[in-house]
Structure formats: C-alpha cells, structure tokens
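Asks: Pasting in a structure now, in structure tokens, and then I'll have a few things to ask.
What follows draws every value from the coordinates through simple rules; no lab data is involved. Just so we're clear, the structure is a prediction, and the values are computed from it rather than from any experiment. In this analysis, Cβ positions are derived from the backbone assuming ideal geometry, glycine residues included, and neighbour counts consider all displayed protein chains.
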Amino acid sequence: MKWLRDNLFAGGVSTLFTVLVLVLFFKLVPPFIDWAFLDAVWKPDSKACRASEGACWGFIAEKHRFILFGTYPYDLHWRPAIATVLLIGLWIFSAIRRFWKSWLTLVWLAGLTVIGILMWGGILGIPYVENERWGGLILTLLLTTFGVAFAFPLSILLALGRRSDMPVIRGLCVGYIELIRGVPLISLLFMASVMLPLFLPHGVTIDKLLRAQIAMIMFAAAYLAEVVRGGLQAIPKGQYDAAHALALPYWRRTYLIILPQALRISVPPLMNTFIAFFKDTSLVLIIGLFDLLSTVKISLNEPAWAGFGVEAYLFASIVYFVFCYSMSRYSRRLEQQR
Amino acid sequence: MIEMIKVSKWFGLFQVLKDIDLAVARGQKVVVCGPSGSGKSTLIRLVNRLEVHQAGRVIVDGVELDDDPKKTDLVRREVGMVFQSFNLFPHLTVLENLTLAPVWVKHVPRKEAEGTAMHFLERVRIPEQAGKYPSQLSGGQQQRVAIARALCMRPKLMLFDEPTSALDPEMIKEVLDVMVELAREGMTMMVVTHEMGFARTVADRVVFMDGGRIVEAAPPADFFSAPKTDRAKLFLSQVLGH
C-alpha cells in the first residue's frame with residue numbers, strides 16, 4: 001500500500017497519470033490480445049483470413065520461407081538457412097571477450113568462406129546460385145557484417161586523419177566526411193546503382209550487390225568517423241604528453257594508448273550507429289535487392305494475400321527488434337566491464 | 001647536458017619566454033620556481049620538445065632540437081618526464097605502464113622489461129601494486145609509479161613538472177623522498193616545484209622566473225638567505241611565509 005501511494009499516487013499529477021495509463025492499458029490491451037491470439041487465423045488460408053476479425057498469421061506461415069530467404073531457389077533454402085545460423089553464431093562467439101585474440105580473425109575468415117560456399121555453391125557438387133537471387137535475412141545480415149567490418153576500420157583512419165597535423169590529409173578527411181554526411185543514403189545507393197555503371201569502361205561491370213555494399217560502407221564510415229572523433233577528443237592532453245615523453249612513435253601511441261581509451265568511451269554512440277546501420281540496410285530495396293524488408297513487401301503483392309500488411313510488417317519488426325535489442329543489451333554489458 | 005641560448009617562445013601574441021639562457025651540466029640538479037604564469041612549465045617542456053621554441057637554440061645531450069622529428073625522438077629516449085597530473089595510462093596495469101615504452105620503443109624483451117620494472121617499483125617502494133590499475137592507487141602511489149615509468153627507460157636526465165602540486169599534504173613526502181634518493185644517486189634533474197625544502201636539500205642551483213624571464217639563478221643557500229631582487233624577496237615571503 002505504501003509503495004502504491006509513494007510511487008503511483010503521490011500528488012495530483014501523479015494520480016492523474018496513473019489513472020490515464022490504466023485506462024489506456026485496459027482500452028488497448030484486451031482488443032490486441034483478441035486480434036493477435038483469440039480471433040487469429042493460424043492456417044495458411046486466405047479465405048478464412050478474410051472472414052475473420054483477427055490477425056492472419058496464416059500469411060506468415062505461408063510466406064515465411066520467401067520472407068526469410070527471398071528468391072533463393074526453393075529446394076535449396078537449407079543453404080541460406082545454415083549460412084544465417086552460422087553468421088549469427090559467429091557474432092555471438094565474437095561477443096565473448098575471452099575469445100578476443102588474433103585467431104578470432106581466422107575463425108571469421110573460415111566462417112565467411114563456408115558461408116560463401118553455401119550461398120554461391122558451384123563446387124563440392126552443390127549447384128551454383130548467382131547472388132542476384134540472394135535475399136531475405138541473410139542478405140540483411142551480410143550487408144551489416146561486411147558494412148561494419150570495412151566501415152569501422154575506415155572510420156578510425158578518417159577520424160585520425162581529421163585530427164592530423166598534415167593539412168592535406170586533414171582536408172581530405174574533413175571533405176569526405178562532410179560530403180557523405182550531407183547526402184542521404186538513398187541517393188548514394190542510387191548513384192552506386194545507376195550512375196556508377198555509366199562511368200565504368202565498356203564491358204566492365206560491378207555486381208549490383210557489391211555496389212550497394214560499397215555505398216553503405218562509405219556512408220557508415222563517415223558517421224562512425226565522427227563518433228570515433230568524439231572519443232578521441234575526450235582523451236586528456238596529458239595522455240599525449242606522457243606518450244610523447246616516452247618517445248612512442250605515432251602509430252604505437254595511437255594503437256597502444258589513444259585508441260583503446262577513445263573506443264571504450266565511444267561504445268554507447270558506436271553501438272547506436274551500428275544499430276542504425278543494421279536497419280538502414282533495408283534501404284537497398286530501393287535499388288532492387290531483396291533484403292528482409294523487401295521480401296515482406298513483395299510477398300504482399302500476391303493478390304490473394306494483399307491487405308495483410310500489418311501482420312507482415314509486425315513479423316519483420318519483431319525480427320529487427322530481436323537483433324537490435326540484443327546489440328543494445330550487449331553494449332550495456334560492455335560498458336559495465338572494465 | 002641541457003643548454004638553452006637566447007630562447008624565446010610566444011603563444012599567439014603573448015611572449016611566454018624571453019631570451020632564456022640556461023645551462024645544466026651532467027649530474028646537476030636545478031630547481032625552477034616562480035609565480036604561476038611565469039613560464040616555468042613551458043621552459044621545462046622545451047627540453048623534450050613537448051613545447052616548441054621559436055627563437056634561440058635548445059641543445060640536449062649534444063643534440064640540437066629543431067623541426068627534425070628524428071632529433072626529437074633521440075632526445076626523448078634519453079629524457080624522462082614526470083607530470084603534475086601523473087598521466088599514467090588508465091587502461092593498463094602498473095606493470096604494463098612500466099614495460100610499454102621499453103618494449104615498444106627500445107625493443108627490450110618483455111621478460112627483461114618486467115624485471116627492470118619490478119626493480120624500479122621496489123625502488124619507489126610499491127612492488128605489491130604491480131598488477132593493479134592506476135585508478136586503484138592513491139595520488140602519491142600514482143606519482144611514484146610515474147617516476148618508475150620514466151626510470152624504466154634508463155634516462156640520462158629527469159624532468160619534473162610540479163610533481164607534488166596535485167597531491168594531498170601527507171603524500172607529498174613519499175614522493176619527495178623518492179626524488180631526493182634519485183638526486184643522491186647522481187641523476188641530472190630539472191625540477192619545477194614550490195617545495196623549497198626540497199630545493200634547499202638537493203638543488204645545486206635555484207632558478208627564479210617571473211614574466212617569462214630568468215630573474216635570478218643562484219645556489220639555494222644564497223637564494224634563500226639573500227635574494228637579490230625585490231620580486232624574488234616577495235615570492236619567497238609568500239611561499240615560505242605560511
């Protein structure tokens with residue numbers, strides 16, 4: 001009773017809000033439960049869905065393979081499925097600090113090679129699948145993985161360059177960061193998909209997926225560079241003094257003294273940018289790549305299932321949320337560690 | 001060991017150092033004092049080129065400091081420095097702080113560097129703290145680690161920039177004791193400090209600065225008993241008065 005009075009009914013405003021929240025809760029939650037569970041149709045039967053008041057989970061049951069794997073050949077779905085699990089496994093494995101050793105790079109190289117073999121095939125007796133047909137969750141994860149893997153080191157170099165004593169290097173880095181930050185990601189993706197081929201010599205083509213990936217790396221690097229720069233600026237001048245006084249050369253000083261401290265400070269904003277980047281990969285739908293969100297959109301095009309967008313997007317949102325929330329929790333844990 | 005000839009330095013339009021002439025011979029201990037803003041810290045930071053002079057010459061251990069980074073590097077390897085705010089590396093343990101520069105700059109094998117580090121930690125009387133992080137130590141302990149860190153590079157010359165100014169009174173002595181011991185062993189030292197007791201005990205010469213100039217330079221006995229300038233008299237009355 002005391003807890004109730006202290007926390008929920010302490011004063012007029014507090015009581016008002018408590019009542020308001022309770023009313024909203026009872027107005028919204030029971031209808032949602034009715035819709036999502038009690039009246040829901042679980043069979044993949046679009047006629048039954050149309051007849052019912054509730055959610056049509058049958059749509060997800062019917063289309064989940066297309067949503068998760070895109071246009072990848074139907075009987076070969078086991079390949080992207082294993083690749084997805086493997087990639088998520090690699091991430092979880094790398095999240096454990098005990099394994100932050102140099103051999104982890106080899107684990108990643110091996111893991112990515114296996115994923116590449118699974119996705120492309122063409123050897124070991126499994127049929128070849130060109131990457132135009134890759135899609136769904138694995139595409140989202142691959143774009144994120146390679147995006148972060150290349151953009152993060154690049155961003156560190158950009159941030160260091162922006163603080164360099166050498167005017168040319170500083171100018172180039174500032175120019176790059178400001179230019180890329182001043183342009184929406186969508187326009188970068190358009191440029192990569194439409195304009196870039198115009199400039200390439202005749203006969204030379206770069207794969208659409210690769211072009212999108214490069215555009216995303218360039219974009220993410222500019223944003224991450226500013227986050228890293230924030231961390232660098234938080235390092236007290238005394239740390240530089242001490243490193244100079246010990247005659248540590250630039251790269252040693254940067255690698256051993258400055259970056260370990262700057263990156264630790266930057267963990268929360270870095271993770272913020274990583275999460276934003278993970279969701280931004282969905283913009284590739286604009287140039288015709290089938291990531292998780294695009295496959296949801298396309299599966300709604302089928303006349304029989306048109307109109308069940310809420311269920312479809314809720315499903316995609318849950319998948320995105322699981323990944324983003326895990327990243328967020330992990331970042332909280334990293335901050336608390338020494 | 002250190003030779004400064006007509007050295008001047010400006011921060012923007014403000015001249016912090018004006019025509020400084022100073023020579024410190026091998027084995028000498030020089031204490032630099034003066035009111036705040038008189039340029040003492042800037043002066044000592046010229047010696048390992050943490051600050052850059054704009055006129056005159058600075059020669060350290062036979063190497064004249066100029067825009068050539070190789071010469072700066074050469075001097076910094078021979079010159080240890082201790083700062084007012086310790087400036088230990090917070091993400092490394094005490095032992096890692098001590099072995100970092102010997103391993104990465106002088107390419108001493110790690111085992112040997114750790115042996116040297118433990119030797120100097122014993123000298124500053126805190127070998128039991130080797131595995132701790134700087135934030136787990138008291139100010140006096142941190143400053144002693146900082147001294148040991150500088151000594152691990154086997155310097156020919158040690159610079160101290162107000163090493164006790166950030167310390168609680170009861171910790172000042174433990175740091176000064178280490179410095180006195182170092183002086184007795186013959187280390188060449190240049191020390192910016194207001195600890196006049198220390199100056200009296202170990203200094204060969206006290207350099208008094210005001211307004212970017214060396215106003216007076218004399219053995220401590222003469223400086224404390226018979227300061228020549230009014231400025232120095234006033235300063236001494238303020239520092240010793242309490």
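Asks: Tally Lys and Arg at +1 and Asp and Glu at -1 over the other residues with C-beta under 13 Å from the C-beta of A:ILE217: what net charge comes out?
Replies: Once all neighbours under 13 Å are counted, the net charge is 0.
Asks: When the Karplus curve 6.51 cos²θ - 1.76 cosθ + 1.60 is applied with θ = phi - 60°, which whole-Hz ³J(HN,Hα) does each residue of region A:20-30 get, with x for Gly and Pro?
Replies: Here the 3J(HN,Hα) series is 4, 5, 4, 4, 4, 4, 6, 7, 9, 5, x Hz.
Asks: Can you report the principal axis dimensions of chain A using only the alpha carbons, biggest first, rounded to whole angstrom?
Replies: Cα extents, longest axis first: 76, 72, 39 Å.
Asks: Over region B:1-83, what is the mean sequence separation of C-alpha contacts under 8 Å (at least six apart), divided by residue count, expressed as relative contact order in percent?
Replies: On the way: 116 pairs, mean separation 26.6, N = 83.
Here the relative contact order equals 32 percent.
Asks: Under the rule of at least 5 residues apart or a separate chain, name every residue whose amide H is placed under 5 Å from the amide H of B:LYS29.
Replies: Here the answer is B:MET189, B:ASP204, B:ARG205, since their amide H atoms fall under 5 Å of that of B:LYS29.
Asks: Find the relative contact order for region A:191-276 and round it to a whole percent, using C-alpha pairs within less than 8 Å whose residues are 6+ positions apart.
Replies: Relative CO of region A:191-276 lands at 33 percent.
Asks: What does the charge count around B:GLY62 come to, taking other residues whose C-beta lies under 12 Å from its C-beta (Lys +1, Arg +1, Asp -1, Glu -1)?
Replies: After counting each charged neighbour, the total is -1.
Asks: With θ set to phi - 60° and the Karplus curve 6.51 cos²θ - 1.76 cosθ + 1.60, what are the ³J(HN,Hα) couplings of region A:154-167 in order, to the nearest whole Hz, using x for Gly and Pro?
Replies: For region A:154-167, the Karplus-derived couplings read 4, 5, 5, 4, 5, 5, 5, x, 5, 9, 6, 7, 8, x Hz, x marking Gly and Pro.
Asks: If you average the alpha carbon positions of region B:21-41 and of region A:217-262, how far apart do those two centres end up, in angstrom?
Replies: First find each Cα centre; the distance between them is then 32 Å.
Asks: Mind running the shape call on region B:25-64? Use the C-alpha gyration tensor, a ≥ b ≥ c as the square roots of the eigenvalues: rounded below 1.5 for a/c, prolate if a/b tops b/c, oblate otherwise.
Replies: Oblate is the answer for region B:25-64, as a/c is 1.5 or above yet b/c matches or exceeds a/b.
Asks: Mind checking region B:174-242 for GluC sites (Glu not before Pro) that DSSP puts in a loop (not H, G, I, E or B) and that have at most 15 other Cβ atoms within 10 Å?
Replies: Taking region B:174-242 and a limit of 15 other Cβ atoms within 10 Å, the loop GluC sites (Glu not before Pro) found are B:GLU185.
Asks: Moving to a separate point now. Please compute the alpha carbon radius of gyration of the protein assembly as shown, then divide it by the globular-protein estimate 2.2 N^0.38 Å. Two decimals is fine. Provide the component values of the computation, followed by the final result.
Replies: Working: Rg = 33.3 Å, N = 580, 2.2 N^0.38 = 24.7 Å.
Expressed relative to 2.2 N^0.38 Å, the Cα Rg reads 1.35.
Asks: Mind listing the long-range amide H neighbours of B:LEU157? Cut-off is under 5 Å, sequence gap 5 or more, other chains count too, H placed in the peptide plane at 1.01 Å from N.
Replies: Answer set, sorted by chain and number: B:GLY80.
Asks: Mind checking the mean number of beta-carbon atoms from other chains within 10 Å of the Cβ atoms in A:244-257?
Replies: What the average comes to for A:244-257 is 6.
Asks: Could you work out, residue by residue across B:100-110, how many beta carbons of other chains sit within 10 Å of that residue's beta carbon, and then give the average as an integer?
Replies: 3
Asks: Averaged across the residues of B:75-82, what count of C-beta atoms belonging to other chains lies within 10 Å of each residue's C-beta?
Replies: 3
Asks: Might you list the cysteines of chain A that have no disulfide-compatible partner by the rule of another cysteine's Cβ under 4.7 Å?
Replies: A:CYS173, A:CYS324
Asks: If we sort B:80-92, B:122-134 on the protection proxy, mean other Cβ atoms within 10 Å, highest first, what's the order? Don't jump to the answer; show the numbers that get you there.
Replies: Numbers: B:80-92: 21.3, B:122-134: 16.5.
The densest-packed peptide leads the list: B:80-92, B:122-134.
Asks: Based on other C-beta atoms within 10 Å, arrange A:CYS324, B:CYS33 from fewest to most. Walk me through the numbers on the way to the answer.
Replies: Working: A:CYS324 16, B:CYS33 25.
If I rank by nearby Cβ atoms, fewest first, I get A:CYS324, B:CYS33.
Asks: Taking H placed 1.01 Å from N in the peptide plane, check which residues at least 5 places from B:LEU17 or on another chain put their amide H under 5 Å from its amide H.
Replies: B:LYS9
Asks: Please arrange B:ASP222, B:ASP68 by counting, for each residue, the other beta carbons lying within 10 Å of its beta carbon, fewest first.
Replies: Going from least to most buried by this count: B:ASP68, B:ASP222.
Asks: So how far, in whole Å, is the C-alpha centre of region B:121-160 from the one of region B:195-242?
Replies: Region B:121-160 and region B:195-242 have Cα centres spaced 29 Å from each other.
Asks: A further question follows. Go through region A:117-124 residue by residue and turn each phi into a ³J(HN,Hα) via Karplus (6.51, -1.76, 1.60, θ = phi - 60°); whole Hz please, and just put x for glycine and proline.
Replies: 4, 4, 6, 7, x, x, 10, 6
Asks: Also, I was wondering about something else. Give me the tail of P(r) for region A:5-54 as a percent: Cα-Cα pairs with distance above 12 Å.
Replies: 70 percent
Asks: Answer rounded, prolate or oblate for region A:75-200, using the Cα gyration tensor with square roots of eigenvalues a ≥ b ≥ c: rounded when a/c is under 1.5, else prolate when a/b is larger than b/c, else oblate.
Replies: oblate
Asks: Write down, largest first, the equivalent ellipsoid semi-axes of chain B in whole Å, where each equals the square root of 5 times an eigenvalue of the alpha-carbon gyration tensor. All intermediate terms of the calculation are to be shown ahead of the outcome.
Replies: Details: eigenvalues 176, 98, 46 Å².
The equivalent ellipsoid of chain B has semi-axes of 30, 22, 15 Å.
Asks: Right, something else. For region A:1-128, with only Lys/Arg (+1) and Asp/Glu (-1) charged at the beta-carbon, what is the dipole magnitude about the Cα centre, in debye rounded to 20?
Replies: Working: 12 positive and 7 negative charges, 91 e Å.
With Lys and Arg at +1 and Asp and Glu at -1, about 440 debye.
Asks: Also, quick follow-up: Using 1/(1 + (r/R0)^6) with R0 = 25 angstrom and r between the beta carbons of B:GLN54 and B:LEU234, what's the FRET efficiency to the nearest 0.05?
Replies: Working: r = 30 Å, r/R0 = 1.20.
It comes to 0.25.
Asks: So for each of A:157-166, B:158-167, A:144-153 I average, over its residues, the number of other beta carbons within 10 Å; can you give me the resulting order with the highest mean first?
Replies: B:158-167, A:144-153, A:157-166
Asks: With a 10 Å Cβ neighbour count serving as the proxy for reagent exposure, in which order, fewest first, do A:ARG65, A:ARG79, B:ARG144 appear?
Replies: Values: A:ARG65 16, A:ARG79 22, B:ARG144 29.
Going from sparsest to densest Cβ surroundings: A:ARG65, A:ARG79, B:ARG144.
Asks: If each residue of separation counts as 0.36 nm, what is the full-extension length gain between A:ARG170 and A:LEU109 once their alpha-carbon separation is subtracted?
Replies: Contour length minus the Cα-Cα distance gives 18.7 nm.
Asks: State the antiparallel share, in %, of DSSP beta bridges confined to the protein assembly as shown, rounding to the nearest 5.
Replies: 50 percent
Asks: Please state the shape class of region B:109-186: rounded when a/c is under 1.5, otherwise prolate if a/b exceeds b/c and oblate if not, all from the C-alpha gyration tensor.
Replies: Oblate, since a/c reaches 1.5 and b/c is not below a/b.
Asks: If you average the sequence gap of Cα pairs under 8 Å that are 6 or more apart and divide by the length of region A:38-86, what percent do you get for the contact order?
Replies: Here the relative contact order equals 28 percent.
Asks: Right, next: FRET efficiency for A:ALA95 and B:ASP222, Cβ-Cβ distance as r, R0 = 45 Å, nearest 0.05?
Replies: Computed FRET efficiency for A:ALA95 and B:ASP222: 0.10.
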